[in-house]
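This report refers to the structure that appears directly beneath it.
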Amino acid sequence: MVIVTSYKWGQTAPTAPTSSRHAAAVLGGGGGCHRPGCYAGTDAALCDDLLQEVFRLLPPAAAPAVSLVSRRWLSLLRASTSSLTLRLPASSDAAAATLAALLSHYPFLSALTVASAATPARDADAVLLAVAAAPAAARFSTLRLLPDSAVSPTALLAACPALSGLTSLHLTAVRPLSFRWLELLPCLKSFALVNSAASVDYAGSSSDDANGAEAEAALALPLERLSLCGIRSGDRGLGWLWRRCGSLKWLQLRACDGTGDGPASPSFADCLAGLLALELRTCRAVADRVLLLAADHCHALTSLLVYDGGSSEALHRFIQQRAAGLHTLDLRLPLDLHNDHLLAIGAEQIHGGLDPTHNLAALRLQSCVLITGDGLRSLARTATGAGIEELALVSCDVVEREPGLLTFLSQSMPRLRRLDLSYNETLSDKVIGAMLSSCRNLIDIRLRGCRGLMGPSLVSLLRHCGQSLEILDISCCPSIAVGNVEFFAQRATRLNHMIIEESAVSEELKAIAQRKGMKIGSLLPCEGPF
């Protein structure tokens, strides 16, 4: 049995039917007769177009109830569905056939996610081909195929012509590793590949680089966003991809110990010239080389993220050469980030006799235990520091070691609008109050996991930022009483999202949120469209 886990029709409505009887009552339908063309009661007065428009306005949670009203409603519901998530059962011989039969009822899908567990490789290919054979295949703009085994290049070559409208594609793995089939997707802008070690055969070589002259003469792929996970230095075929990614704007490498085609990987630099954003997540073995290449080739880069990898020397050289153009710098480097890096970030960058440039607007530091208050103060005193609009000091013990640091930073950064102090567990109400007294323009503050905070912090926040704050995260702050949360939610005039765990949401808080149109719940982490 295929499990439908989510639908998407369009804009969500404030309430949802909770049963088939309720759904029929809300929309005036009746389910007494199931013969084709026979619609009982007021249902007969509702034309198909009108019902489909209503269905598009319903929230996804209403789908099961709507589908039970009548066969007509089920058919129209499926025809109104534009986004679908399916989970295939494990080790089912008929999974692909069942999927094909199900997709035949959804002629207007534009986004599809198919997940499965314990899927043999031949079944992964069959699932892909079933998707390509769907009536809506030509309409697909987004496809996420997530079996726990690899699809073959042969199946991709067969399926891609039917999926030529795709703009975003996510695959678990391709075996053997090959990218030639990407040429058959002329509209593809975003591609993500999770090249898990369990799925990929590293023996042998890819045929992608069989003809080097042909590779150089080939047209560039339209890719603008690329995410690769689990790439090893010995993986063959990456050079073919790098040479065709001259239009790339966003590149993410995750858990990679190389960029393919051997340690030198000479073609990797071909994709760097136009990059605007680069993310290196847990890529310690290759981070230094990528950073040094980025320093030399990424002339347009505006955003850099480095988590858990990279030496202090390579990072320092990158900052010296490229810090002037950066808008966002996001670092989680417990043992590799020092005060020298902060000084280099704040140093005035002068090129060609022009005035110094200060573009940095967002600085995010996580678990950076070797930086000190002196380093942060030195940065804050510079023109670069004064221009920062977003600051994150997540699980940085310097915040707890030096109580006056946050107050100094808030006084020295007059443009600060977003602040994240999450997981500084001993942060006190007194420190928060002193900081907020000179930081009155915040629209977003994150205090997740600051277990030492109590009600007085919300009182200070309301006093100094109650007229401007839009987003507040106080999840995992058990010492803040429910009454304080309710009082803040009631008085904060512009608050539209409070992030708090469900167990701490009282009925009164729900009522306040409903009256003010405020959202209560979690914000999902944002790492791109993948």
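The values are calculated or read from the model by the stated rules, or taken from the named source; none is laboratory data. What you see is a predicted model; the values in this text were computed from it and never measured. Glycine gets a Cβ as well: all are built from the backbone with ideal geometry, and neighbour counts include every protein chain shown. Protein only, heavy atoms only, side chains kept; ligands, DNA and RNA dropped before computing areas. Shrake-Rupley method; radii C 1.70, N 1.55, O 1.52, S 1.80 Å.
Computed from backbone phi with θ = phi - 60° and the Karplus coefficients 6.51, -1.76 and 1.60, the 3J(HN,Hα) list for the stretch 250-264 is 9, 10, 10, 10, 10, 6, 9, 10, x, 10, x, 6, x, x, 6 Hz; x is used for glycine and proline. Between VAL306, ALA380, LEU329, the Cα set farthest toward the positive side of the dipole of the stretch 287-441 (charges on each charged residue's Cβ, about the Cα centre) is that of ALA380.
Can you put PHE55, PHE408 in order of accessible area, largest first, using a 1.4 Å probe?
In descending accessible area the options line up as PHE408, PHE55.
Please calculate how many Å² of accessible area the stretch 281-396 carries per residue, with a 1.4 Å probe and no DNA, RNA or ligand atoms counted. Can you show the working numbers first?
Values: 4480 Å² over 116 residues.
About 39 Å² of surface per residue is accessible.
In whole percent, and with a 1.4 Å probe on the protein chains, what portion of the accessible area of the stretch 254-389 is carbon and sulfur? Carbon-and-sulfur percentage of accessible area, whole number: 53. Kirkwood's formula applied to the C-alpha pairs of the stretch 85-197 gives a hydrodynamic radius of 13.7 angstrom. Here the accessible area is traced with a 1.4 Å probe on the protein chains. For the stretch 85-197, carbon and sulfur cover 61 percent of it. The lysines whose alpha-carbon is closer than 22 Å to the alpha-carbon of LYS430, local same-chain residues fewer than 8 away aside, do not include any residue.
Across the protein chains, with a 1.4 Å probe defining accessible surface, the residues ILE520, ILE345 rank ILE520, ILE345 from largest area downward.
When GLU486, GLU507 are compared by accessible area at a 1.4 angstrom probe, the order from most to least is GLU507, GLU486. Quick one: accessible area per residue over the stretch 85-197, 1.4 Å probe, rounded to a whole number of Å²? For the stretch 85-197, the per-residue accessible area is 36 Å².
Phi-derived couplings, Karplus 6.51 cos²θ - 1.76 cosθ + 1.60 at θ = phi - 60°, listed residue by residue for the stretch 306-315: 9, 10, 6, x, x, 7, 5, 5, 5, 5 Hz, with x used for Gly and Pro. Backbone geometry of the stretch 489-496 corresponds, through the Karplus equation with coefficients 6.51, -1.76 and 1.60 at θ = phi - 60°, to 3J(HN,Hα) couplings of 4, 6, 8, 6, 6, 10, 5, 10 Hz, x marking Gly and Pro.
Counting 0.36 nm for each residue step from LYS519 to VAL505 and taking away their Cα separation leaves a gain of 3.9 nm. Cross-link partners of LYS189 among lysines, defined as those whose alpha carbon lies under 28 angstrom from its own and excluding same-chain residues fewer than eight positions apart: LYS8, LYS249.
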